[in-house]
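Peer 1: To start, I am sharing the structure in question, which I have written as structure tokens.
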Amino acid sequence: MDAKEFYKYAKWCNDNFVFIYPVPLTTVNSGNYKIEVCNRGTIKKGDGVYRDKPIKDEVSVWDKIRQLYQEIYNRNNPS
């Protein structure tokens, strides 16, 4: 997904009070994160652990956040 496309998804989510962000697993910067989705004040923490710098075929935390914005947008804006 390019930047323009991501902006469309993220802007719609943010305008509708849906925010997605990484939460570090430790206080020391280990590069491992879980992802939280805040939907109108209700926070849901994901089970998956993602790295800032993925190894081989792993998905980075930033790629997963972009994917979640797209999924939420598509779920609420059927074509």
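Peer 1: Being without any contact (Cβ under 8 Å) to a residue 40 or more places away in the chain and surrounded by 14 or more Cβ atoms within 10 Å (Cβ to Cβ) is the filter here; which residues of region 13-35 pass it?
Peer 2: Restricting attention to region 13-35, the residues satisfying the condition of being without any contact (Cβ under 8 Å) to a residue 40 or more places away in the chain are 14-15, 17, 19, 23-35.
If the condition is that a residue be without any contact (Cβ under 8 Å) to a residue 40 or more places away in the chain and surrounded by 14 or more Cβ atoms within 10 Å (Cβ to Cβ), then PHE19, PRO24, GLY31, ASN32, TYR33, LYS34, ILE35 are the ones that fit.
Peer 1: While we're here: Can you say whether VAL23 is assigned to a loop (DSSP other than H, G, I, E, B) and hydrophobic (A, V, I, L, M, F, W, C), as far as the supplied structure shows? Even if it seems obvious, please write down each step before you answer.
Peer 2: Numbers: assigned to a loop (DSSP other than H, G, I, E, B): no; hydrophobic (A, V, I, L, M, F, W, C): yes.
In short, no.
Peer 1: Here's another thing I want to ask about it. Of all residues in region 36-67, how many are assigned to a loop (DSSP other than H, G, I, E, B) and surrounded by 15 or more Cβ atoms within 10 Å (Cβ to Cβ)?
Peer 2: So in region 36-67, the residues assigned to a loop (DSSP other than H, G, I, E, B) come out as 40-41, 46-49, 52-59.
From what is left, the residues that are surrounded by 15 or more Cβ atoms within 10 Å (Cβ to Cβ) are 46, 54.
Final tally of qualifying residues: 2.
Peer 1: Hey, can you tell me all the residues within region 41-79 that are touching a strand residue (DSSP E or B) at 6+ places or on another chain (Cβ under 9 Å) and of a type in the set (Val, Ile, Thr)?
Peer 2: ILE43, VAL49, VAL59, VAL61, ILE65, ILE72
Peer 1: Right, next: Give region 1-50 a look and list any residue that's of a type in the set (Val, Ile, Thr) and within 21 Å of ASN76 (Cβ to Cβ), or say none. If you could, list the steps in order and put the result at the bottom.
Peer 2: So in region 1-50, the residues of a type in the set (Val, Ile, Thr) come out as 18, 20, 23, 26-28, 35, 37, 42-43, 49.
Answer for region 1-50, where residues must be of a type in the set (Val, Ile, Thr) and within 21 Å of ASN76 (Cβ to Cβ): VAL18, ILE20, ILE35, VAL37, THR42, ILE43.
Peer 1: Quick check on GLU5: is it open to solvent by 60 Å² or more (accessible area, probe 1.4 Å) and either among the polar types (S, T, N, Q) or in a helix (DSSP H, G or I) (or both)? Break it down stepwise before answering.
Peer 2: Values: open to solvent by 60 Å² or more (accessible area, probe 1.4 Å): yes; either among the polar types (S, T, N, Q) or in a helix (DSSP H, G or I) (or both): yes.
In short, yes.
The values are calculated or read from the model by the stated rules, or taken from the named source; none is laboratory data. Just so we're clear, the structure is a prediction, and the values are computed from it rather than from any experiment. All Cβ positions, glycine included, derive from the backbone under ideal geometry; neighbour counts span all protein chains shown. Heads up: the accessible areas ignore ligands, DNA and RNA and are worked out on the full protein's heavy atoms, side chains in. Shrake-Rupley method; radii C 1.70, N 1.55, O 1.52, S 1.80 Å.
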